[in-house]
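Here's a structure for you.
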Amino acid sequence: MTPSFDDFVADQVTPLLRYATVLTCDPHLAQDVVQEVLLRAQQKWDRIGSVDLPHAYVKRMVTNEYLSWRRRRAAKDVALCMTTLESVTPPVRDTTHHYDEREAMLQRIAKLPRKQRAAVVLRYYENYEDSEIAQMLGCAEGTVRSHISRALATLRMEHTPEPAGVGLRLGEGLS
Amino acid sequence: MNDTEQLIKDALGKLAERTPHPGPTLNALRRKHKRQRNNIFLIATAGVAAVAVLVFGGLVASDRYAPPTGGDAAAALVPDAAGGIALEYAPHWLPDGFVEGARGVSGGLSARVWVPSNAPVDAGDGGGPSVSVGSTPDHPDTTGWQEVSVRGLKGHLRVEGQTATVAWKAQDVVLVSVREVGDVRETALRVADSVRADAKLAYQPAFRLNGQPAARVGGTGPADWVARADTPARVQVSPRTPQLGGSRTPVSVRGKQGFVENGDVVVRDGDVWIIATGDLPVDELVAAVNQVELLKADTSWIRKR
């Protein structure tokens, strides 16, 4: 039975926003992307609602919207461009060293080329196999492996672990 | 899985915690669907993030509210006698160093955004510290929000990450949103308490597209601004010279020699550049640029307190 569009949105808007937030590294852009996609899905719901997995279809729409959005925005927006994580929420500091490492990693992920970032998100957040990522991104599995390999190389190169013991410095001052 | 891959997973998991509340997206869908149905407005398709933020934002009470103009979302966008669109509310307190960076309208929502004086031109749009004040006929979904008092009126507050939003019903629904500014809860409530109605405030769009005002204008100074409208094509007008680097194909647009670069249409008209982008055929982008009605923009307020 085809779900109604309203039921679909009620069930899926939060997962879609979550996915878009991770994909875009920008909660505000995520809202724009999801909103745009749902508006289009609503207009074509008769067709989309009848496919086997409507949520997978719409998720792919979100991915494509993000990829094209970034492309067209990057082209010539002399201003008002949506920057990535660097200009979004600064880290909410907690007292753990590991938290800072996550924030630093997020900033590096946000700088990845869009397809590499999408591949990384699908692999490490969605836990997709190469074949599923290839289907989502509309490319060959070899291309997926290349995207992820390059992304990991970039992220590893920029990830220089701090010396052991750094995380203990707060405690040292208390003793 | 090695350390880097585990760190990637952890980082993405942390990022997922910043997922915005679905309320504004659902509200925007309802509003836009209604507009589609009634064929009154063009659908704003993208990139009104700064204005959309205000859907979360706060509202302020005032002793001097004008009579209601009705529940129609369009009511707030009725041009005033001078051709501007009433903004209606102004904060009388802002954090030190904040200046006005953008004004915008979307559907029934009108908004003003303040940013640090040294913020880039896109501040308040993509991220960074900001204070937004707006009004809308539609009340956001405040389920789960904390009840607060704003100048004796019942309001609602939500703190999510580094953003605090206050909403309350005055003449319209007033929204205050504070992002990444010290104690966001305290700051948002203080801004909200300072908001008063101001009948003199108006948004003067820099251009109209198919009769609709540009969705927003912002910049780093009165002479350095960017205005934008989001229809099926994104149209941007600015005195800024765009960064161009690709191969260009000449095209006639607005009776002038413009060009197409990477699928985007670019033309200079007088003192401004007009750019149309979007996943549309070139002739549709050209048509959008041809539809642009340039207006005398009031940008004197940009980067002033």
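The values are calculated or read from the model by the stated rules, or taken from the named source; none is laboratory data. Please read all numbers here as calculations on a predicted model, not as lab measurements. FYI the Cβ positions are ideal-geometry reconstructions off the backbone, even for glycines, and counts take in every protein chain you see. The protein model used for the area step is the full one, side chains on, heavy atoms only, and it has no ligands, DNA or RNA in it. Shrake-Rupley method; radii C 1.70, N 1.55, O 1.52, S 1.80 Å.
Tally up the residues in region A:107-129 that are surrounded by fewer than 19 Cβ atoms within 10 Å (Cβ to Cβ) and outside any helix (DSSP H, G or I), please.
Result for region A:107-129: 6.
List pairs: first residue in region A:109-120 and in contact (Cβ under 8 Å) with a residue 24 or more places away in the chain, second residue small (Gly, Ala, Ser) and open to solvent by less than 10 Å² (accessible area, probe 1.4 Å) anywhere in the structure, Cβ distance under 7 angstrom, at least six positions apart or on different chains.
Short answer, once both residue conditions are applied: A:Ile109/B:Ala11; A:Leu112/A:Ala151; A:Gln116/A:Ala151; A:Ala119/A:Ala151; A:Val120/A:Ala151.
Can you list the strands (runs of 3 or more DSSP E) lying wholly within region B:214-305 that have 2 or more residues being modelled with pLDDT of 85 or more, buried (at least 16 other Cβ atoms within 10 Å of the Cβ) and within 14 Å of chain A (Cβ to nearest Cβ)? Break it down into steps so the answer makes sense when it comes.
Values: elements: B:216-221, B:224-230, B:234-238, B:248-253, B:256-261, B:264-269, B:272-277, B:292-294.
Once the strands (runs of 3 or more DSSP E) in region B:214-305 are filtered for at least 2 residues that are modelled with pLDDT of 85 or more, buried (at least 16 other Cβ atoms within 10 Å of the Cβ) and within 14 Å of chain A (Cβ to nearest Cβ), what remains is B:216-221, B:224-230, B:234-238, B:256-261, B:264-269, B:272-277.
Hey, could you check region A:1-15 for residues that are within 12 Å of B:Leu29 (Cβ to Cβ) and hydrophobic (A, V, I, L, M, F, W, C) and say which is surrounded by the fewest Cβ atoms within 10 Å (Cβ to Cβ)?
Taking region A:1-15 first, the residues within 12 Å of B:Leu29 (Cβ to Cβ) are A:5-6, A:8-10, A:13.
Then drop every residue that is not hydrophobic (A, V, I, L, M, F, W, C), which leaves A:5, A:8-10, A:13.
Values: A:Phe5: 20, A:Phe8: 21, A:Val9: 22, A:Ala10: 13, A:Val13: 18.
Per the stated criteria, the residue is A:Ala10.
Let me ask you something else. Check off (1) more than 30 Å from B:Phe259 (Cα to Cα); (2) of a type outside the set (A, V, I, L, M); (3) modelled with pLDDT under 90; (4) not assigned by TED's automatic domain parsing to the domain that holds A:Val120 for A:His97 and give me the number that stays unchecked.
(4)
Across region A:41-68, which residue is most open to solvent (accessible area, probe 1.4 Å) among those that are over 19 Å from A:Leu137 (Cα atoms) and within 14 Å of chain B (Cβ to nearest Cβ)?
Among those that are over 19 Å from A:Leu137 (Cα atoms) and within 14 Å of chain B (Cβ to nearest Cβ), it is A:Gln43.
Also, I was wondering about something else. Can you tell me how many residues within region B:204-213 are over 15 Å from the mean Cα position of the chain (by Cα) and either closer than 11 Å to B:Arg228 by Cβ or within 13 Å of chain A (Cβ to nearest Cβ) (or both)?
2
Another one. Could you please find all residues in region A:10-31 being facing chain B (nearest Cβ under 7 Å) and touching a residue at least 24 places away in the same chain (Cβ under 8 Å)? Step through it out loud before you land on a result.
Our first condition is that a residue be facing chain B (nearest Cβ under 7 Å); within region A:10-31, this holds for A:13-14, A:17-18, A:21-22, A:25-31.
Residues satisfying the conditions are A:Val13, A:Val22, A:Cys25, A:Asp26, A:Pro27, A:His28, A:Leu29.
With respect to B:Asp183, is the statement that it is modelled with pLDDT under 85 and under 15 Å from B:Leu94 (Cβ atoms) true?
Working: modelled with pLDDT under 85: no; under 15 Å from B:Leu94 (Cβ atoms): yes.
For B:Asp183, the condition - modelled with pLDDT under 85 and under 15 Å from B:Leu94 (Cβ atoms) - is not met.
While we're on this one: Does region B:191-199 contain any residue that is under 16 Å from the mean Cα position of the chain (by Cα) and either at positive phi or surrounded by 23 or more Cβ atoms within 10 Å (Cβ to Cβ) (or both)? Outline the logic, then answer.
In the first step, residues of region B:191-199 are kept if they are under 16 Å from the mean Cα position of the chain (by Cα); the result is none.
So far as region B:191-199 goes, no, none of its residues is under 16 Å from the mean Cα position of the chain (by Cα) and either at positive phi or surrounded by 23 or more Cβ atoms within 10 Å (Cβ to Cβ) (or both).
When you check B:Pro116 against the structure, is it closer than 26 Å to B:Ala229 by Cβ and within 14 Å of another protein chain (Cβ to nearest Cβ), yes or no?
Values: closer than 26 Å to B:Ala229 by Cβ: no; within 14 Å of another protein chain (Cβ to nearest Cβ): yes.
So B:Pro116 fails the test.
Looking only at region B:161-188, how many residues end up being open to solvent by 70 Å² or more (accessible area, probe 1.4 Å) and either of a type in the set (Val, Ile, Thr) or in a strand (DSSP E or B) (or both)?
Residues meeting the conditions: 1.
With respect to A:Val121, is the statement that it is modelled with pLDDT under 50, under 15 Å from A:Val22 (Cβ atoms) and within 14 Å of another protein chain (Cβ to nearest Cβ) true?
no
Follow-up question, since we're still on this one. For B:Ser149, indicate whether it is assigned by TED's automatic domain parsing to the domain that holds B:Pro95 and touching a residue at least 24 places away in the same chain (Cβ under 8 Å).
Working: assigned by TED's automatic domain parsing to the domain that holds B:Pro95: yes; touching a residue at least 24 places away in the same chain (Cβ under 8 Å): no.
Spelling it out, it is not the case that B:Ser149 is assigned by TED's automatic domain parsing to the domain that holds B:Pro95 and touching a residue at least 24 places away in the same chain (Cβ under 8 Å).
Return the only residue of A:Ala20, A:Ala30 being buried (at least 23 other Cβ atoms within 10 Å of the Cβ) and at pLDDT below 90.
Numbers: A:Ala20 fails: at pLDDT below 90.
Result of the check over A:Ala20, A:Ala30: A:Ala30.
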